[in-house]
Amino acid sequence: MEPMPVPMAWKTAAPAAGWVSADQARAWAQGQWWRLFDDPVLHGLVERVDLSNQNLKAAAANVAQAQALLRQQQAELLPQLGAQLGQQRSGGDNRATTGSASLNLNASWAPDVWGRIASAVDAQSASVQASQADLAGARLNAQASLAAAYFALREADAEIALMDEIIASYQRNAKITQNRYDVGVVPRTDTFQAQSTLRNAQATRVALQRSRATYEHAIALLVGEAPAGFSLAPAPWVAAAPAVPTELPSLLLLRRPDIAGAERAVTAANAQIGVARSAYFPNLSLSAGLGAGGSSLANLVSAPSLLWSLGVALAQTVFDAGARDARLAQTMAARDAAVARYRQAALNGMKEVEDQLSALATLAAQTEHVRAAAEAAERIEQQQMNRYQSGLTSYTDVVTAQASALSARRSLLQLQQQRQQAAVSLIQALGGGWQAPWTVTPAVAE
């Protein structure tokens, strides 16, 4: 298999400016990536995923199953021993009662002369490692899904708090408008507009509560609890996203569980080619047996009649109409398919990293623009309300300014949540700090 070309740097990576923090880069490489967000509630929820998530339990059971199959394959490399002990008595009318007893020991072994069993063991060993990668991938997906749902819930909390503030402001404006109408300063339509704006804000708050409940139910599922028995109280939102290190080596892709699993699948497919090739060679088997007989168990011990046997067998398929050739071609095609899937997984990983690096860069710039727009919209809203109270403008201008200010403030919150989600997606695209255990070099004692 030709090596997969990996770029030395990312297309959208920012150049390093001055000193680069080693602690910052090390934090991204650690397994507990969620601690980068500095939210104790999130820390506690993620730690519960390993304990209670049912999808992770299923993936762990798949690993145990693959390990059991590996032990089964390894057992075929060793001889098999057997023993049989029996006693029989017979008799009948006009016949004397007779008895017999026997003890037989036997051994058999099929030496792995052509490496068939060894290749099968290699293939299953790679399958075990692939299942371990699948488990790591399932764990990372569950953790990332939990973080995404948690940040969405906290963003909903922030929007609900914002709507509470907006609703209180709109209630004051509606009262002002009603008072001005009562004294005949403004038309009735102004009060209708104020009430309509207020009701729309209240409806938006109800919709946000529904969204929050949905996110809370998703979190309950991920931590293995029934939604009815799970709740998260509103809390301040830590809206900051972790800083991305200026240098993220592309070799970090090698620790992605899906890429590691695809690479192990290639190894397993290569080993299966060895199994298919061994079918061209004869099968050798050795056997030995030792038996003893007597009229009873006591006689079997004191004066047995011994019988022994040794055997060797060599079996070779002479004609199979091309079945072995077809099996070999099938395994080689399966290997080529595994290589293609491995390369595609690597390309997908590169694309996902580039996507999230680009998203983080653009979202950071977009957030600053929207923050400035929100501040300006709030000033315009206040000025329009002051002008309305002075009789210099209509309430329609006030409603327009209120809608613009509310939209900008909500957009700012949503962008902050999108930045956190992009950071989670980037960490996930880089493997989340997970390391393939079979690639770790063992420490050498000094």
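The values are calculated or read from the model by the stated rules, or taken from the named source; none is laboratory data. Keep in mind it's a predicted model, so treat the numbers as computed, not measured. Every residue, glycine among them, receives a Cβ derived from its backbone with ideal geometry; neighbour counts consider all protein chains shown. Accessible surface is based on the protein model in full, side chains and every heavy atom, while ligands, DNA and RNA are left aside. Shrake-Rupley method; radii C 1.70, N 1.55, O 1.52, S 1.80 Å.
Could you give the accessible area per residue of the chain, probe 1.4 Å, as a whole number in Å²? Let's see the in-between values first.
Working: 24930 Å² over 446 residues.
For the chain, the per-residue accessible area is 56 Å².
Where in the range 393-434 is the amide nitrogen less than 18 Å from a point lying 7 Å along the Cα-to-Cβ axis of ILE380?
393-413
May I ask you to derive the relative contact order of the chain, considering only C-alpha pairs under 8 Å and at least 6 residues apart, and to give it as an integer percent? Could you put the intermediate results ahead of the total?
Numbers: 576 pairs, mean separation 113.0, N = 446.
Reported relative contact order: 25 percent.
Of all the accessible heavy-atom surface of the chain, with the other protein chains kept in place and a 1.4 Å probe, what percent is carbon and sulfur?
Numbers: 14110 of 24930 Å².
Carbon-and-sulfur percentage of accessible area, whole number: 57.
So if R0 is 35 Å, what FRET efficiency would ASP50 and ALA75 give, r being the distance between their Cβ atoms, rounded to the nearest 0.05?
Working: r = 32 Å, r/R0 = 0.90.
Efficiency computed from Cβ-Cβ geometry: 0.65.
Highest mean first, how do 362-368, 340-346 rank when packing is the count of other Cβ atoms within 10 Å averaged over residues? List each step's numbers first, then the result.
On the way: 362-368: 14.7, 340-346: 17.4.
Taking the mean over residues of other Cβ atoms within 10 Å, the ranking is 340-346, 362-368.
By how many nm would the segment from LEU284 to VAL312 grow when fully extended, if each residue of separation counts as 0.36 nm and the alpha-carbon distance is taken off? Don't jump to the answer; show the numbers that get you there.
Details: separation 28, 0.36 × 28 = 10.08 nm, distance 0.74 nm.
Residue separation times 0.36 nm, minus the Cα-Cα distance, leaves 9.3 nm.
Heads up, I need the accessible area for LYS57: 1.4 angstrom probe, whole protein in place, Å², nearest 10.
100 Å²
Working with all protein chains in place, sort LEU426, LEU328 by solvent-accessible area computed with a 1.4 Å probe, largest first. It would help to have the intermediate numbers written out before the result.
Details: LEU426 0, LEU328 30 Å².
Order by accessible area, largest first: LEU328, LEU426.
Using only protein heavy atoms and a 1.4 Å probe, report how much of MET332 is accessible, in Å² to the nearest 10.
Using a 1.4 Å probe on the heavy atoms, I get roughly 70 Å².
Highest first, please rank the peptides 374-384, 70-80 by the mean number of other Cβ atoms sitting within 10 Å of their residues. Before the final figure, lay out each step's value.
Details: 374-384: 16.6, 70-80: 13.5.
Peptide ranking by packing, descending: 374-384, 70-80.
Where does each of 252-263, 178-189, 232-243 land if you order them by average Cβ count within 10 Å, highest first?
Ranking, from highest mean packing down: 252-263, 232-243, 178-189.
With a point put 7 Å past each Cα toward its Cβ, work out how far GLN414 is from ASP38 in nm, to one decimal.
In this crude spin-label approximation the distance works out to 2.8 nm.
For the chain, what log10 I(q)/I(0) values come out of the Debye formula at q = 0.11 1/Å, with one point per alpha carbon and no solvent?
-1.01
In Å and whole numbers, how far do the C-alpha atoms of the range 255-342 stretch along each principal axis, longest first?
68, 40, 14
Could you put HIS369, HIS43 in order of accessible surface area, largest first, with the 1.4 Å probe and the full protein assembly present?
Working: HIS369 135, HIS43 25 Å².
Final ranking, largest accessible area leading: HIS369, HIS43.
On a 1.4 Å probe surface of the protein chains, which of GLU354, GLU159 comes out largest in accessible area, and what is the full order?
Values: GLU354 45, GLU159 5 Å².
Reading off the accessible areas and sorting them downward yields GLU354, GLU159.
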